[in-house]
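> Have a look at this one.
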Amino acid sequence: MVETGGTTQVVKEDFKKLLRRRFPQYIATTAACMGGFSLGCCVGWSAPCVELLKEKYNYTEFLTDIIAAVLPLGCALGMPVVPFLVDKIGRKWMMLSLAPVFLVGWIFIIAGVSELSLLIVGRLLTGACGGMYCVVAPMYCAEISEKHIRGTLGMFFQLLLVLGILYAFSCGYSKSVIITSLLCAIGPIIFALMMIFMPESPLYYMSKDNEEAARKSMRYFRGPDYNIDPEIADFKEQIEWSRHHTVSLSIFMKKPVLKTMGVAFGLMFAQQFSGIDAIIFYCETIFKQTGVDMDPLLQMMIVAIVQVIAGIIAVILIDQLGRKVLLIISFSVMTLCLVCLGFFFILKKNNPDAAENLFWLPLVSACVYILAFCIGAGPIPWAYMSEIFPTKLKGTASSAASLFNWMVAFIVTVSFSSMIHAIGIAASFFIFGIVCVLSIVFVIFCVIETRGKTFTEILKEFGTHEIDN
């Protein structure tokens, strides 16, 4: 099948020819999502390095909690910068401008292994850059993609992010914080070398009244024989609407915009309060508490491999099943896994012999939980956010939702150890499970399916296509 703009032409096309035509979209998406790989390195760095900092540099548990939690805080601090730059210098050049700052952050971490202040500055810088990639990379990917593969390409960010986590876990076998950090610093360099050759988003060019450049960019992504006129017309319609509205507090108070913001914030809350950051950041520590006789780093590697497999599954399924179905499946399976983990730790406390016979349950539950997270709750909120906001509001609205996401992530990460000490690890998992159940209800009643729809069609469903200022 060949999809042309808003219509579907029933034309048989050889699969290889279709793949070849779409190849530039896949390459550009991979390049942009190397920012996700770099962020994944930052996230994955915590698990092996937190333990090494305790063992080799005499860091206390409180200080390692701070070091781990500083990353999402840095991600949150970077959010206010996005609206000012993403529409000024463009998606491509904003992402490229972050690469040197990312490298500087890793240099601070490498130089400051035994100096807490330098370590924190490095984590803040890498976090800020990674957080901004979370907004700009999915935005870029959505704007260069055909509507029928927009979901698939939107999953690339999460896939590259979990590959980054796996890579960082692998680097942890060096048993050195410095070597692990040096290897992780490769990510921003690879990103810059790939992204420099990619065109800017055609929608950005249209917003700058440069239709010739927009058509050239679109032609690169669609191929010489593809009819780009319907998509260019759709972009024009979005830009025309944007020109009649200024970004002000009053427009965010309009009911359709509030509804759209509520959906974005709700998905971000559900993502972070599902407990994923607590499990990832303290993966090794959690497994140590199970008493399972297996190398903790090997356990983390197994979990990371599961994440990658889940990311590939999500890429395959997203444009087949849609966003809502995958989210419901994801949160349902996560609920079951969290309940299993909770009951295991209750059993371990009250009947250690019985728990010994279920030694496999924590690892299996954690692996299935992360697989479920990575096919829905993890990637879809970021991809969905890049689809649902009007062009004029996209930078500000996406940044606000991302800021909320990372602030919640910071709260969950910094409070997880205290939460365990206060109410126990079993009760903590049960609380996360309750959030997952509530998230299923939220998705069923509040989330609008965007699969196979143009940006204009999505805005019309949310009611943000035409809003009086």
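> For the range 82-97, how many residues are more than 14 Å from A137 (Cβ to Cβ), of a type in the set (D, E, K, R) and crowded, with 18+ Cβ neighbours inside 10 Å?
Total satisfying the criteria: 1.
> Something else about it: How many residues does the range 101-139 hold that are open to solvent by 10 Å² or more (accessible area, probe 1.4 Å) and free of Cβ contacts under 8 Å to residues at least 24 places away in the same chain?
So the count comes out to 7.
> Return the only residue of S38, S46 being under 15 Å from G164 (Cα atoms) and touching a Pro at 6+ places or on another chain (Cβ under 6 Å).
Only one candidate qualifies: S38.
> Another one. From the residues in the range 295-322 that are crowded, with 21+ Cβ neighbours inside 10 Å and either small (G, A, S) or modelled with pLDDT of 90 or more (or both), which one is farthest from I375 (Cα to Cα)?
Looking at the filtered set, the residue picked out is A304.
> What number goes with the only condition from (1) within 26 Å of the chain's Cα centre (by Cα); (2) assigned to a helix (DSSP H, G or I); (3) buried (at least 18 other Cβ atoms within 10 Å of the Cβ) that M198 does not pass?
Among (1) within 26 Å of the chain's Cα centre (by Cα); (2) assigned to a helix (DSSP H, G or I); (3) buried (at least 18 other Cβ atoms within 10 Å of the Cβ), the lone unmet condition for M198 is (2).
> Looking only at residues that are outside any helix (DSSP H, G or I) and polar (S, T, N, Q) in the range 411-464, which one is surrounded by the fewest Cβ atoms within 10 Å (Cβ to Cβ)? If you could, list the steps in order and put the result at the bottom.
Here is the first cut: in the range 411-464, the residues outside any helix (DSSP H, G or I) are 424, 447-454, 463-464.
In the following step, the residues that additionally are polar (S, T, N, Q) were identified as 450, 454, 464.
Working: T450: 25, T454: 19, T464: 23.
The extreme case among them is T454.
> May I pose another question? Considering only the range 151-170, state which residues are open to solvent by less than 10 Å² (accessible area, probe 1.4 Å) and part of a helix (DSSP H, G or I).
Matches in the range 151-170: G151, L153, F157, V162, G164, I165, A168, F169.
> Right, here's the next one. Just one of S145, S170 is among the polar types (S, T, N, Q) and within 9 Å of T29 (Cα to Cα); which is it?
Values: S170 fails: within 9 Å of T29 (Cα to Cα).
It is S145.
> Further question: Only one residue in K56, K16 is charged (D, E, K, R), open to solvent by 10 Å² or more (accessible area, probe 1.4 Å), assigned to a helix (DSSP H, G or I) and touching a residue at least 60 places away in the same chain (Cβ under 8 Å), so which one is that?
Working: K16 fails: touching a residue at least 60 places away in the same chain (Cβ under 8 Å).
After applying the criteria, what remains is K56.
> Could you list all residues from the range 425-469 that are modelled with pLDDT under 85 and closer than 17 Å to L341 by Cα?
I425
> Taking into account only those residues within the range 86-103 that are out of contact with any Gly (no Cβ under 8 Å at 6 or more places or on another chain) and of a type in the set (V, I, T), which is farthest from C184 (Cα to Cα)? Lay out the reasoning, then the answer.
Going residue by residue through the range 86-103, those that are out of contact with any Gly (no Cβ under 8 Å at 6 or more places or on another chain) are 88-94, 96-97, 99-101, 103.
Subsequent filtering for residues that are of a type in the set (V, I, T) retains 89, 101.
Numbers: I89: 27, V101: 14 Å.
Checked the range 86-103; the qualifying residue farthest from C184 (Cα to Cα) is I89.
> Just to verify a result, which residue in the range 224-263, among those that are in a loop (DSSP other than H, G, I, E, B), among the aliphatic types (A, V, I, L, M) and modelled with pLDDT of 75 or more, is surrounded by the fewest Cβ atoms within 10 Å (Cβ to Cβ)? I'd like the intermediate steps shown before the answer.
If we filter the range 224-263 for residues that are in a loop (DSSP other than H, G, I, E, B), which is where we start, we get 224-228, 244-248, 253-254.
Cutting the leftovers down to among the aliphatic types (A, V, I, L, M) gives us 228, 247, 253.
Retained after the next criterion (residues that are modelled with pLDDT of 75 or more): 228, 253.
Working: I228: 19, M253: 9.
Across the range 224-263, the extreme among qualifying residues is M253.
> Another question, then. Test of understanding: among V408, V364, which residue is at pLDDT below 90, surrounded by fewer than 24 Cβ atoms within 10 Å (Cβ to Cβ) and closer than 20 Å to F157 by Cβ? I'd like the intermediate steps shown before the answer.
Working: V364 fails: closer than 20 Å to F157 by Cβ.
Going through V408, V364 in turn, the sole match is V408.
The values are calculated or read from the model by the stated rules, or taken from the named source; none is laboratory data. Keep in mind that what you see is a predicted model, and the values were worked out from it rather than measured. Using ideal geometry, Cβ is built from the backbone for each residue, glycine included, and neighbour counts are taken over all protein chains shown. Side chains are part of the model used for accessible areas, which takes the heavy atoms of the whole protein and leaves out ligands, DNA and RNA. Shrake-Rupley method; radii C 1.70, N 1.55, O 1.52, S 1.80 Å.
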